[in-house]
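Have a look at the structure below, then the notes.
The values are calculated or read from the model by the stated rules, or taken from the named source; none is laboratory data. Given the structure is predicted, the values throughout are model-derived calculations rather than measurements. In this analysis, Cβ positions are derived from the backbone assuming ideal geometry, glycine residues included, and neighbour counts consider all displayed protein chains. Ligands, DNA and RNA are stripped out before the accessible areas are found, and what is left, the full protein with its side chains, is counted by its heavy atoms. Shrake-Rupley method; radii C 1.70, N 1.55, O 1.52, S 1.80 Å.
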Amino acid sequence: MGDLELLLPGEAEVLVRGLRSFPLREMGSEGWNQQHENLEKLNMQAILDATISQGEPIQELLVTHGKVPTLVEELIAVEMWKQKVFPVLCRVEDFKPQNTFPIYMVVHHEASIINLLETVFFHKEACESAEDTVLDLVDYCHRKLTLLVARSGCGGPPEGAGSQDSNPMQELQKQAELMEFEIALKALSVLRYITDCVDSLSLSTLSRMLSTHNLPCLLVELLEHSPWNRWEGGKLQQFEGSRWHTVAPSEQQKLSKLDGQVWIALYNLLLSPEAQARYCLTSFAKGQLLKLRAFLTDTLLDQLPNLAHLQSFLAHLALTETQPPKKDLVLEQVDTGKLAPQDHCPTLPAPSCHSPLLSPRSQKSGSGWSEKTEASGRQLPSTSSSMCSAPQSRTCGCRHKGKSCGTGRRSGWDAGGMDVGGDVPTFQGQSDLPDFPPGGLRPTGWTC
């Protein structure tokens, strides 16, 4: 692996072969923590290998052992945890853990995976080895970039410094928000590397990128807002390396790395024959794409000469008639739902879908958590070894699995965990919850 070695070749192979997908309920467990540590080592070694440019054995090992889909599945799982579980933990009033580091590890896990994917996806072999999970990765990148555009109109990313009056969970929320901004920028790079493989992508992936998500128009919005640039005190600042850097006046015309990623992605999506055959240039798409002409200056063309072909394409587009929306029949791949059956978490009763290690108990002897909470002595739910069965209807109190209750209505959640209508209880904090038997808090409507 070269002069800079964190891992021996044999050790790296053992770590790669041991990678596996964890269900949501096991996040924070001992096995999950060990894999998080292994991913950190692989991530650092991959960055060192890419820095010295002497081969990238981590990428080769991930492709050889077919672990790129496992990384994508872990990425989606931790994103689901952050959306469904983490906000509820922050809202619970008497959730005041003395040590928030285990929760921070789960929040940071997404950044570790997307950083590793950014490093290895530079090579087309890694993108091709993602197989069907590339669809999930495209959806993931679209979600992150959409959120990035939306937040750019609200003053950009939050500052890293926090107030002295905030509690540990509030500080953790602020760190998560700043981390979310950096993750979105990494997702932009991953998406650009996926577009480099547009000639080998499946029809379903192309349709998802061009028709479902309309990524060219989204990339135009990114160029317009440039959330990685800001003006402070009359000086231009760029976000790079997890910090804001002031750009010297002589360097302001220089193309930044993130701007370059957007332009290359647009070039791949608009000028490749495979994409042109699939992309429908409607009146809306035409209007959005023609905004690019204002950015194609001579200075930019000197730095990226290939964009001259894009400039010619836009000049031709301005003179052509728009196309009506296509109504082609496309048999699109659908996610097989590897995460859904075991990891499904309803929107608000999400506290029951986390590891017992993330309960509000202080850590003792570095391996477990104490049995006392700081506020009321209650425990958050422990569901790593339990599955949620049929809910109780708030209308009649029955627990029929997926069947109609006596009132003729179905309860809020069926036996498979799918939302089928009905009343779903919501809780603002533990003070709103009734008393439950020992073993953890259970939201009303769940029997575990």
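Summing Lys, Arg as +1 and Asp, Glu as -1, what charge do residues with Cβ under 14 Å from the Cβ of K291 carry, K291 excluded? All intermediate terms of the calculation are to be shown ahead of the outcome.
Details: positive: K286, R293; negative: E221, E224.
Residues near K291 contribute 0 overall.
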Shape descriptor, segment 20-80: equivalent ellipsoid semi-axes (Cα gyration tensor, sqrt 5λ, whole Å, largest first) stand at 24, 13, 9
On the accessible surface of segment 216-276, probed at 1.4 Å, how many percent belong to carbon and sulfur atoms?
48
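Starting from the residue with the highest accessible area, list T205, T246 in decreasing order, probe 1.4 Å.
Result, largest first: T246, T205.
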Non-local amide H neighbours of Q98 (under 5 Å, H modeled in plane, Pro and chain starts lacking H): which ones?
S362
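Here is the link list: K82/K235; K82/K186; K96/K144; K96/K174. Which ones come out longer than 27 Å on Cα distance?
Values: K82/K235 35 Å; K82/K186 17 Å; K96/K144 30 Å; K96/K174 16 Å.
The pairs that break the limit, which is 27 Å between Cα atoms, are K82/K235; K96/K144.
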If I ignore ligands, DNA and RNA and count only protein heavy atoms, how much of D199 is accessible to a 1.4 Å probe, in Å² to the nearest 10?
90
What per residue convex hull volume, in Å³, do the alpha-carbon atoms of segment 1-156 yield?
144
Taking amide H positions as placed in the peptide plane 1.01 Å from N, state which residues far from M27 in sequence (5 or more) or on other chains have amide H under 5 Å from it.
S355
Taking N as the number of residues in segment 117-266, what value does Rg over Cα atoms divided by 2.2 N^0.38 Å take?
1.14
Protein-only accessible surface order, largest first, of K291, K257 at 1.4 Å
K257, K291
Under the Karplus relation 6.51 cos²θ - 1.76 cosθ + 1.60, θ = phi - 60°, what is the ordered set of whole-Hz ³J(HN,Hα) values for segment 48-65, x standing for Gly and Pro?
5, 5, 5, 5, 7, 6, 10, x, 10, x, 5, 4, 5, 5, 4, 6, 4, 8
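Please work out the average accessible area per residue across segment 199-238, using the 1.4 Å probe convention, and give it in Å².
Details: 1590 Å² over 40 residues.
Result: 40 Å² of accessible area for each residue.
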Please work out how much accessible surface R230 shows to a 1.4 Å probe, ignoring ligands, DNA and RNA, in Å² rounded to 10.
50
